[in-house]
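The numbers here are math on the coordinates, done by the rules we state, and not lab data. Keep in mind the model is a prediction, meaning the values are calculated, not measured. Cβ atoms come from the backbone with ideal geometry, glycine included; neighbour counts cover every protein chain shown.
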Amino acid sequence: MYFYHRYFGRREDRLLMSYIRKTTGAYPRQPDVYRLAFRHSSLVANPRFSAGECNERLEYLGDGVLNAIVASYLFQKYPLKDEGFLTEMRSKIVSRNSLNEIGSKLGIDHWIEYNHKSGGFRRNMSGNALEAFIGAMYLDMGWKRTQEFVVKRIVADLNVDTLEEQNLNFKSQVLELVQKQIHKPVSYEVVREKDERGVRYFTIACVIGNEAYGYGSDVRKKVAEQKASEVAFNRLKEEGWVTEIPKKQA
């Protein structure tokens, strides 16, 4: 059994279970997996926790489940669209900004456990915890209930029809920002290629100067570059370089 964080007493446990039931529409059968979903890796340095007692593994699982559900949803919604369109739409729906906003709307921020001395709360914690929460739901409640949650609370919240008309080009935004303010070269490097059941996935780093500012993975290099650029853009925003959100282009 996982150790309780010092803020989780009996009352907090009951409140957490009530929150999960209200948010998902079902009572959790494995409470511990949800506590784990909200435990940030910054707590691993605490001797009470081990590397397996943070939400990174659940985040990985949730990311895969989320992408599969969104891919299935789009496949059925757009029967005449090609693979490129579907991939781009999926990227928009599961973008870090979107997940951060939805995680905050769902009240996930309140439950995230993190080390307050390691830099404080960061915006990406919301989206990461949301993915971990989806992973926990999948383990606890199965595919059908998780699919219903994702479609109702994530996809529907984003208004896919409106999203179709938007293009958030993080790659061009990063390039423009760095050229104007930071004055360092921007490049993209393939750091990993992995075959999964005959499908090749690329992991690409967005490098500013000599430092990797973000990583993104996808079956298409261009999409992976956009994902890496989004992570880099969010980091630049945290560092105070960005004062506006990326422009929406038709």
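For the listed peptides 223-233, 67-77, 99-109, a ranking on the average number of other beta carbons within 10 Å per residue, highest first, reads 223-233, 99-109, 67-77.
3J(HN,Hα) along the stretch 79-85, derived from phi through the Karplus expression 6.51 cos²θ - 1.76 cosθ + 1.60 where θ = phi - 60°, amounts to x, 9, 7, 7, 4, x, 5 Hz, with x in place of Gly and Pro.
Restricting attention to the stretch 10-163, lysine pairs at least eight places apart or on different chains and with alpha-carbon atoms under 21 angstrom apart total 11.
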